[in-house]
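Read through the structure below, which is laid out as structure tokens, and then see the notes.
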Amino acid sequence: MVMGITDVDDKIIRRANEMSVSPASLARLYEEDFKQDMAALKVLPPTAYLRVTEHVPQIVAFIERLIANGHAYCTAKAGNVYFDLQSRGDRYGKLAGVAPGPAGEPVDSDKRHASDFALWKAAKPQEPFWGSPWGNGRPGWHIECSTIASLVFGSRLDIHSGGVDLAFPHHENEIAQCEAFHQCPQWGNYFLHSGHLHVKGGGEKMSKSLKNYVTIKDFLRSASPDVFRLFCLRSSYRSAVDYSEGALLEARRLLRATAAFVEDARAYVRGQLAGGPVQEDVLWERLGRTKAAVQAALADDFDTVRAVDAVMDLVHHGNRQLKAAAEEPRGARSPAVLGAIVASVEQFFETVGISLAERQCVPGAGSPAALHSLVEELVRFRLKVRQFALASGEAPGEARQQRLLERQPLLEACDTLRRDLAVHGISIKDRSGSSTWELLDQRTEDPKARS
């Protein structure tokens with residue numbers, strides 16, 4: 001997987017001039033900020049990031065070959081090179097279903113046709129430039145991506161992604177350039193165009209220009225990246241997504257419910273949760289049906305909406321069976337089917353990059369009794385260790401100091417355990433002769449005492 005980074009274009013140059021900084025330094029600043037945000041959202045990085053400014057010689061060579069193949073031309077005005085759309089005949093427009101027409105470039109008197117688009121732009125005052133056979137200048141937008149992709153993947157690209165607004169003219173022009181360069185009948189196998197994030201009720205695309213956006217950093221102060229992932233998965237990747245507090249709360253609720261079920265099912269399998277048998281035949285049949293439904297949904301244009309619904313339906317029926325089993329605690333148990341369901345649910349969420357192990361069940365979400373008992377025992381054991389370390393006994397002064405010194409590592413271990421548990425939302429408070437604990441929702445800071 002390769003991600004191309006456009007680190008020089010009209011907007012970058014204009015903004016850099018306003019800030020009196022170099023376009024390269026401005027682009028690198030936002031590139032690093034973007035990478036940090038993606039990491040915070042648990043987005044896996046690509047195999048390689050390829051910057052336009054580091055591949056200008058290859059872009060020049062790409063343009064030269066297009067000219068040699070008869071698909072591009074240099075204008076009389078020294079320095080401008082355009083792609084000749086007429087050379088593509090009726091093959092242009094097969095992605096977006098449009099005929100050749102004005103393709104986003106300003107009309108230039110040096111063009112042969114109004115729909116031709118720029119491959120190389122002549123240098124202008126106060127703009128960065130590179131040398132080329134046609135004079136100083138810089139690459140056009142579309143040629144950057146074609147060159148970078150061809151450097152890595154050659155004449156056949158499997159999957160190309162981008163926003164729905166890039167289908168035309170950007171991706172259409174990429175196809176034209178690459179098929180003309182490689183002299184191949186089809187360059188890309190699949191183009192995945194994602195919908196935009198919209199503000200609920202307003203119908204507007206979330207964007208900086210409209211000042212109606214929420215930054216990733218601000219979002220993560222109130223919600224986890226797992227919640228955001230589930231929020232996105234509950235809409236088709238091709239559809240516009242309405243961003244709203246209600247939709248985020250629903251994603252959070254579903255995630256908590258799933259995590260709670262997984263923990264309860266595990267406790268049942270281990271024999272730590274009271275309960276008799278469940279209807280194994282019913283659950284085995286539903287598990288098989290769910291696996292088939294998820295596979296079919298993901299194979300159908302990555303239909304995550306149907307896949308998530310199928311998994312949540314399985315969780316719902318698993319919960320019903322656990323509750324029914326708890327009402328009849330006697331009799332044979334059925335751990336195998338619950339274990340298989342847990343494995344299947346966890347596998348699905350792992351596949352889509354969502355962690356159920358990071359305690360989505362915050363206070364008030366019905367955390368399993370088994371976890372509470374475990375924490376209770378842990379805090380009780382820590383209290384005994386701490387009391388032993390602090391006890392001085394009947395020893396005289398000097399011996400007493402020596403004993404406290406020897407037991408200092410035990411106190412440090414108790415403090416370390418308290419800090420480690422705090423990271424996971426469990427707060428321990430030491431008082432004279434006792435220790436109490438509580439679960440904290442670290443984002444809402446709404447403590448609920450548990451002991």
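The values are calculated or read from the model by the stated rules, or taken from the named source; none is laboratory data. Note that the coordinates shown come from a computational prediction; the quantities given were computed from them, not determined experimentally. Virtual Cβ from ideal backbone geometry, glycine too; neighbours counted across all protein chains shown. Ligands, DNA and RNA are stripped out before the accessible areas are found, and what is left, the full protein with its side chains, is counted by its heavy atoms. Shrake-Rupley method; radii C 1.70, N 1.55, O 1.52, S 1.80 Å.
A few points about this structure:
- Single match in Ser334, Ser355 (criterion: within 30 Å of Gly195 (Cβ to Cβ), polar (S, T, N, Q), in contact (Cβ under 8 Å) with a residue 24 or more places away in the chain and out of contact with any strand residue (DSSP E or B) (no Cβ under 7 Å at 6 or more places or on another chain)): Ser355
- Total residues in the stretch 15-45, condition over 22 Å from the mean Cα position of the chain (by Cα), of a type outside the set (S, T, N, Q) and either surrounded by fewer than 13 Cβ atoms within 10 Å (Cβ to Cβ) or assigned to a loop (DSSP other than H, G, I, E, B) (or both): 3
- If you go through the stretch 164-179 and keep only what is β-branched (Val, Ile, Thr) and open to solvent by 20 Å² or more (accessible area, probe 1.4 Å), you end up with just Val164.
- In the stretch 302-336, residue modelled with the lowest pLDDT [restricted to those that are part of a loop (DSSP other than H, G, I, E, B) and surrounded by 15 or more Cβ atoms within 10 Å (Cβ to Cβ)]: Arg333
- Verdict on Arg88 being basic (Lys, Arg), surrounded by 13 or more Cβ atoms within 10 Å (Cβ to Cβ) and within 21 Å of Pro185 (Cα to Cα): yes
- Taking the stretch 144-158 as the range and being open to solvent by 70 Å² or more (accessible area, probe 1.4 Å) and either aromatic (Phe, Trp, Tyr) or free of Cβ contacts under 8 Å to residues at least 60 places away in the same chain (or both) as the test, the residues that pass are Phe153, Arg156, Asp158.
- Matching option when the condition is within 18 Å of the chain's Cα centre (by Cα), open to solvent by 70 Å² or more (accessible area, probe 1.4 Å) and touching a residue at least 24 places away in the same chain (Cβ under 8 Å), among Ser161, Ser194, Ser222: Ser161
- Trp141 at pLDDT 95 or above and either more than 16 Å from Arg88 (Cβ to Cβ) or charged (D, E, K, R) (or both): no
- Of residues in the stretch 337-358 being open to solvent by 60 Å² or more (accessible area, probe 1.4 Å) and within 17 Å of Val227 (Cβ to Cβ), the one modelled with the highest pLDDT: Glu350
For (1) in contact (Cβ under 8 Å) with a residue 24 or more places away in the chain; (2) among the β-branched types (Val, Ile, Thr); (3) assigned to a helix (DSSP H, G or I), each residue gets a yes or a no:
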{"site": "Asn173", "(1), (2), (3)": "yes, no, yes"}
{"site": "Glu179", "(1), (2), (3)": "yes, no, yes"}
{"site": "Thr258", "(1), (2), (3)": "yes, yes, yes"}
{"site": "Gly276", "(1), (2), (3)": "yes, no, no"}
{"site": "Glu285", "(1), (2), (3)": "no, no, yes"}
{"site": "Arg289", "(1), (2), (3)": "no, no, yes"}
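- Checklist (1) modelled with pLDDT of 80 or more; (2) over 41 Å from the mean Cα position of the chain (by Cα) applied to Gln401, failing item: (1)
- Considering Trp130, Trp141, the condition of being open to solvent by 30 Å² or more (accessible area, probe 1.4 Å), under 23 Å from Met3 (Cβ atoms) and in contact with an Asp or Glu (Cβ under 8 Å, 6 or more places away or on another chain) is satisfied by Trp141 alone.
- Hey, Gly79 in contact (Cβ under 8 Å) with a residue 40 or more places away in the chain and open to solvent by less than 50 Å² (accessible area, probe 1.4 Å) or not: yes
- The stretch 359-393: number of residues that are at pLDDT 80 or above and open to solvent by less than 70 Å² (accessible area, probe 1.4 Å): 8
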